[in-house]
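Chemist: Please find one structure pasted underneath; my questions will follow.
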Amino acid sequence: MTASRRVPWTLIVFVVLATVPWVGSRYDTFLAAQIVIDALFAVSLNLLLGTTGLVSFGHVAYFGVGAYVCGILMKTYGVPFVLAFPAAGLGAALFALISGYFCVRLIKLYFAMLTLAFSQIVWAIAYKWNDVTGGDQGLPEIPYPNLDWINALPGCGDLRISDKFYLLTLALVAISLAVLHRIVRSPFGRMLTTIRDNPERAAFIGVNVRAYQLAAFVVAGAFAGAAGALYGIFSRGVFADYVFWSKSAEVIIMAILGGMDFFWGPPVGALVIVWLNQKITAYTEYWPFVLGAILLVLLFALPGGIVGGVHALWTRLRGRGRA
Amino acid sequence: MLEIAKLSKSFAGFRAVSEVSLTVATRQIAAVIGPNGAGKSTLFNLISGHLQPDAGTVRLDGRDITGVAPHRICRMGVGRSFQRTNIFPKLTVFENLQAAFLVHHGQGLNFWGRSEPFYREEVAALLASIGLRGQERTLAGTLSYGNQKQLELGLALASDPRILLLDEPTAGMSATETDETIHLLERIAGERELTLLFTEHDMEVVFSIAQKITVLHQGRVIADGAPDAVRDDAEVRRVYLGHGLVRGE
């Protein structure tokens, strides 16, 4: 895997994605935006799930805090996006620091249950605190950020505002994923993998297990918050439904289906789930049933997820080629 | 170097370790033996901070370390291996040892550099020293049992400890593997000027390298001293009757 021989696949994928507003329909851009945002959300979860070995069942809480912070700042207070977006990440990180402080004191199933409890608290607040969150009415009509500057870019003058926001989303997600990728590959990321593999041993090579778990929790929360902020603007409103626990389950499914042992597994999972969801709901209202069936097959046929399966196949083919 | 005084620990009323006192001098090779369930592993977990004692103290170089968190005790120069092999199975051999070097050198919070180039030479040297030369890219979980034990020793050594706690270092090994492991331990203890405290069920191993032996029985110390004195102790003979302690005679 020398750098010189590698094809820059990620760059190619992002360039292809950036052409969607020109080559695809309005609906394609809508789908692509949803996939890209969910990809960031799923990768942020996977920092906990695949890298640190923490099963968070309440990751949507941080997504929701990000969405509400950004939405409230932009709609209620007229704060520009350049400030509201980082504020969403910081707000989610802060909430992750507080809730994570308690969660990392528990292990395994208890950890998962407490994360779920915190996320239901967020949901309850979103649902009931009418003055700030709009309660069950939510916060509709969150304004788009001012994107006139994109007109200055070549070929972008005729784009719809939703297309421009898609391009901004793509760029921000690309940057976020690059940062997360770097974190996973860093010495800090290595520490997280030792905790995933064997927390008892990790402590006895000198790793402060809880502190590192908490750090991972905060970083994951921050990026989930960033994804939430983008999602609120993309879907033109923030509603209590976004924070409901089933969304946490969905993002776990994305990560597992795509392959949580691989950095690019969760984005592939996000792509498959969002795409299937759109396609299948067009034919049948029994989408959850179909999803369940597909998951069942994939989990048994490809225990390492889609990317894991492709990787295993690739390794085998290459091995055969050499032999 | 290590002084344990009146250490006790109960689990749901069962006294696993009861008023255990023992000392290990610097560069001494000391063994803790006893029948199954005598409290050896519990004692180790109390020393390394994995369990909190109900009473008693553990001192390292005169400093009270009773109940201190494992990662702190590790950083004070205590290395340990576990009875059930304890490595990072989904990481490569290189990544296992590299992780230990990273923590030891305070690089754990470096979240921006690429981890790959760190400590390549140190890992290679350590692998050569523990007999796993050139195994860097092997997935640790796929190593043979004996090799996993060697890797675990490497993990303990990467933090450059002064004292090594080894819980059954030859458990589950063939006679040849046991021999190799013992020679490896003796050599490394000599090279690195280590103090060694280990538990072991194989009496030949114990009597071949230990300079001092503590015998535990039902959580209590029943004998403590030089190997010859322990071998001739009447109480020890009674506890070990038919358990092979006399095999060396």
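The values are calculated or read from the model by the stated rules, or taken from the named source; none is laboratory data. What you see is a predicted model, and the numbers here were worked out from it, not measured in a lab. Here the Cβ is made from the backbone with ideal geometry for all residues, glycine too, and neighbour counts use every protein chain on show.
Chemist: Does B:Arg27 satisfy the condition of being out of contact with any Phe, Trp or Tyr (no Cβ under 9 Å at 6 or more places or on another chain), of a type in the set (D, E, K, R), in a loop (DSSP other than H, G, I, E, B) and at pLDDT 90 or above?
Modeler: On the way: out of contact with any Phe, Trp or Tyr (no Cβ under 9 Å at 6 or more places or on another chain): yes; of a type in the set (D, E, K, R): yes; in a loop (DSSP other than H, G, I, E, B): yes; at pLDDT 90 or above: yes.
For B:Arg27, the condition - out of contact with any Phe, Trp or Tyr (no Cβ under 9 Å at 6 or more places or on another chain), of a type in the set (D, E, K, R), in a loop (DSSP other than H, G, I, E, B) and at pLDDT 90 or above - is met.
Chemist: Have a look at B:Glu204, B:Glu186, B:Glu180 and point out the one that is assigned to a helix (DSSP H, G or I) and under 22 Å from B:Pro35 (Cα atoms).
Modeler: Numbers: B:Glu186 fails: under 22 Å from B:Pro35 (Cα atoms); B:Glu180 fails: under 22 Å from B:Pro35 (Cα atoms).
Result: B:Glu204 is the single residue among B:Glu204, B:Glu186, B:Glu180 that is assigned to a helix (DSSP H, G or I) and under 22 Å from B:Pro35 (Cα atoms).
Chemist: In addition: So for the stretch A:129-148 (the condition being aliphatic (A, V, I, L, M), touching a residue at least 40 places away in the same chain (Cβ under 8 Å) and surrounded by fewer than 17 Cβ atoms within 10 Å (Cβ to Cβ)), does at least one residue qualify?
Modeler: Checked against the condition, which is being aliphatic (A, V, I, L, M), touching a residue at least 40 places away in the same chain (Cβ under 8 Å) and surrounded by fewer than 17 Cβ atoms within 10 Å (Cβ to Cβ), the stretch A:129-148 yields at least one hit.
Chemist: While we're looking at this one, here's another question. At least 1 residues that are small (Gly, Ala, Ser) in each: list the helices (runs of 4 or more DSSP H) lying fully within the stretch A:73-191 that qualify.
Modeler: A:81-103, A:108-128, A:161-185
Chemist: Within the stretch B:151-162, does at least one residue satisfy the condition of being touching a residue at least 60 places away in the same chain (Cβ under 8 Å) and touching an Asp or Glu at 6+ places or on another chain (Cβ under 6 Å)?
Modeler: No, there is no match, as no residue in the stretch B:151-162 is touching a residue at least 60 places away in the same chain (Cβ under 8 Å) and touching an Asp or Glu at 6+ places or on another chain (Cβ under 6 Å).
Chemist: Also: Which numbered condition trips up B:Ile222, out of (1) within 19 Å of the chain's Cα centre (by Cα); (2) among the β-branched types (Val, Ile, Thr); (3) part of a strand (DSSP E or B); (4) farther than 22 Å from B:Val78 by Cα?
Modeler: B:Ile222 satisfies all of (1) within 19 Å of the chain's Cα centre (by Cα); (2) among the β-branched types (Val, Ile, Thr); (3) part of a strand (DSSP E or B); (4) farther than 22 Å from B:Val78 by Cα except (1).
Chemist: When the residues of the stretch B:65-75 are filtered to those that are out of contact with any strand residue (DSSP E or B) (no Cβ under 6 Å at 6 or more places or on another chain) and more than 9 Å from chain A (Cβ to nearest Cβ), which remaining residue is nearest to B:Leu46 (Cα to Cα)?
Modeler: So the residue we want is B:Gly67.
Chemist: Where in the stretch A:197-312 are there helices (runs of 4 or more DSSP H), lying wholly inside it, with at least 3 residues that are under 28 Å from A:Gln137 (Cα atoms) and not aromatic (Phe, Trp, Tyr)?
Modeler: Counting at least 3 such residues, we get A:209-234, A:245-258, A:265-283.
Chemist: Could you list, in sequence order, the residues of the stretch B:2-57 that are within 16 Å of the chain's Cα centre (by Cα) and at positive phi?
Modeler: If the condition is that a residue be within 16 Å of the chain's Cα centre (by Cα) and at positive phi, then B:Arg27, B:Gly34, B:Gly39, B:Gly49 are the ones that fit.
Chemist: Here's something else I'd like to know. State all residues of the stretch A:188-208 that are more than 7 Å from every other protein chain (Cβ to nearest Cβ) and either within 18 Å of B:Pro161 (Cβ to Cβ) or among the hydrophobic types (A, V, I, L, M, F, W, C) (or both); if no residue qualifies, say none.
Modeler: Matches in the stretch A:188-208: A:Leu192, A:Ile195, A:Ala202.
Chemist: Sticking with this one: Within the stretch B:24-45, work out how many residues are more than 14 Å from chain A (Cβ to nearest Cβ) and closer than 22 Å to B:Pro70 by Cβ.
Modeler: Here is the first cut: in the stretch B:24-45, the ones more than 14 Å from chain A (Cβ to nearest Cβ) are B:24-40, B:42-43.
Next, only the ones that are closer than 22 Å to B:Pro70 by Cβ stay: B:24, B:30, B:32, B:39-40, B:42-43.
Selection size over the stretch B:24-45: 7.
Chemist: To continue, here is another question. Test of understanding: among B:Gln83, B:Gln107, which residue is surrounded by fewer than 19 Cβ atoms within 10 Å (Cβ to Cβ) and either more than 12 Å from chain A (Cβ to nearest Cβ) or within 30 Å of B:Arg137 (Cβ to Cβ) (or both)?
Modeler: One residue alone meets the criteria, B:Gln83.
Chemist: Name the residues in the stretch A:58-83 that are among the aliphatic types (A, V, I, L, M) and surrounded by 24 or more Cβ atoms within 10 Å (Cβ to Cβ), would you?
Modeler: A:Val60, A:Ala61, A:Val65, A:Ala67, A:Val69, A:Met74
Chemist: Counting only residues that are touching a strand residue (DSSP E or B) at 6+ places or on another chain (Cβ under 6 Å) and part of a loop (DSSP other than H, G, I, E, B), how many does the stretch B:54-64 have?
Modeler: Selection size over the stretch B:54-64: 1.
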